[in-house]
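Reviewing the structure listed below.
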Amino acid sequence: MPIKDNLNKIKSELPEGVTLVAVSKTKPKEDILEAYEAGQRIFGENKVQEMVQKWEDLPKDIEWHMIGHVQRNKVKYMAEFVSLIHGVDSPRLLKEINKQAKKHDRVIPCLLQIHIAEEDTKFGLDEKELYELISSDDFKAMENIKIVGLMGMATFTDDKNQVRKEFAQLKSMFDDLKSKLDDITILSMGMSGDYKIAIEEGSNMVRIGSSIFGARNYS
Ligand SMILES: *Cc1c(COP(=O)(O)O)cnc(C)c1O
C-alpha cells in the first residue's frame, strides 16, 4: 500500500491521546514528503547526521524526534532543532544535552530510556539508576533540559505475554515518576510489531516505521 494509506489506516486505529511518531530512518526524503502531504508532522530518526540532513532539506514545521542511541559527541549537531530525544540513558549524556541546549538558549525535552527487555543488548537505565539520576544535584542544576517522560523497548519475541509484562512494568515506573517530578506526560512505547499491546498497557506515544514506510533495507 502507498505510504499515505498505511499512515491513514494506523492513524484511524490509534485512540485519542496517542501520538504517532513516524519512524523514517533509512528512508528517502520523498517518502517523508509523502507522509507529510498526508498530514504527518512528527518523524523519528536514529542517526544524528541523517536527521540533520533531512531537517535541512525538508519543511521546517516538521518535528524531529531522535529515537536512537545517542553518542555524546553528536549532540551538538541536533541541539538547535531536535524536538524530543527519546533515548537518554546516562547522566553524562543528559549533561551534554543540557550544555548544547544552553548554547542555543533552548530547553530540550527528553525521555529517559528504561531497560525493560530481557535482552541485554538494549540500552537503558534500570530503576535504581533512574532514581539516582533524578535525585542527583547535577540533575537538579540542569536548566536546559526537561525530562517529560520515559521510553522503552520490549524484548523482540513472539511471546505476547512477555511483551505485555515489560510494557506494564514501564507504565508503573512512569506512574511513579509522575509523583516525583513535574512535567511527566509522555510514555513512549510500542513499534510496528507491538504498538497495540503497548497502547493497551498505557502508551501515549508510539514509534512506527515499517508499517508505514515498508521494510527497511540496511545495505
Ligand atoms: C526503528 C525503530 C522503531 C520503529 O520500528 P518498526 O518496527 O519499523 O516500527 C521504533 N523505535 C526505535 C527505537 C527504533 O529504532
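The values are calculated or read from the model by the stated rules, or taken from the named source; none is laboratory data. The model shown is predicted, which means the values in this text are computed figures rather than measured ones. So basically every Cβ, Gly included, is an ideal-geometry build from the backbone, and we count neighbours across all protein chains shown. Just the protein is used for accessible areas: all its heavy atoms, side chains included, with ligands, DNA and RNA removed. Shrake-Rupley method; radii C 1.70, N 1.55, O 1.52, S 1.80 Å.
Quick notes
- Looking only at the stretch 12-35, and only at residues there that are under 16 Å from Ile197 (Cα atoms) and within 16 Å of the ligand (Cβ to nearest atom), the one that is farthest from the chain's Cα centre (by Cα): Glu13
- Applying a threshold of 7 Å to beta carbon distances and a minimum spacing of six or more residues, or different chains, the list of pairs starting in the stretch 81-107 at a residue that is closer than 22 Å to Lys122 by Cβ and within 16 Å of the ligand (Cβ to nearest atom) and ending at one that is open to solvent by 30 Å² or more (accessible area, probe 1.4 Å) and part of a helix (DSSP H, G or I) reads Leu93/Arg72.
- When we screen Ile184, Ile197 for residues that are part of a helix (DSSP H, G or I) and either aliphatic (A, V, I, L, M) or under 23 Å from Ala22 (Cα atoms) (or both), the only hit is Ile197.
- Given (1) open to solvent by 20 Å² or more (accessible area, probe 1.4 Å); (2) touching a His at 6+ places or on another chain (Cβ under 6 Å), number of the condition Ala79 does not satisfy: (1)
- In the stretch 190-219, residue farthest from the chain's Cα centre (by Cα) [restricted to those that are within 9 Å of the ligand (Cβ to nearest atom) and of a type in the set (A, V, I, L, M, F, W, C)]: Ala215
- Test: residue in the stretch 155-172 that is within 11 Å of the ligand (Cβ to nearest atom), without any contact (Cβ under 8 Å) to a residue 40 or more places away in the chain and either more than 22 Å from Lys25 (Cα to Cα) or in contact with a strand residue (DSSP E or B) (Cβ under 9 Å, 6 or more places away or on another chain) (or both): no
- Boolean, Ile134 is open to solvent by less than 50 Å² (accessible area, probe 1.4 Å), within 16 Å of the ligand (Cβ to nearest atom) and touching a residue at least 40 places away in the same chain (Cβ under 8 Å): no
- Consider the stretch 108-125 and keep the residues that are more than 16 Å from the ligand (Cβ to nearest atom) and at pLDDT 95 or above. The one that is nearest to Met173 (Cα to Cα) is Pro109.
- Residues that are in contact with a helix residue (DSSP H, G or I) (Cβ under 8 Å, 6 or more places away or on another chain) and open to solvent by 80 Å² or more (accessible area, probe 1.4 Å), drawn from the stretch 104-131: Glu118, Glu127
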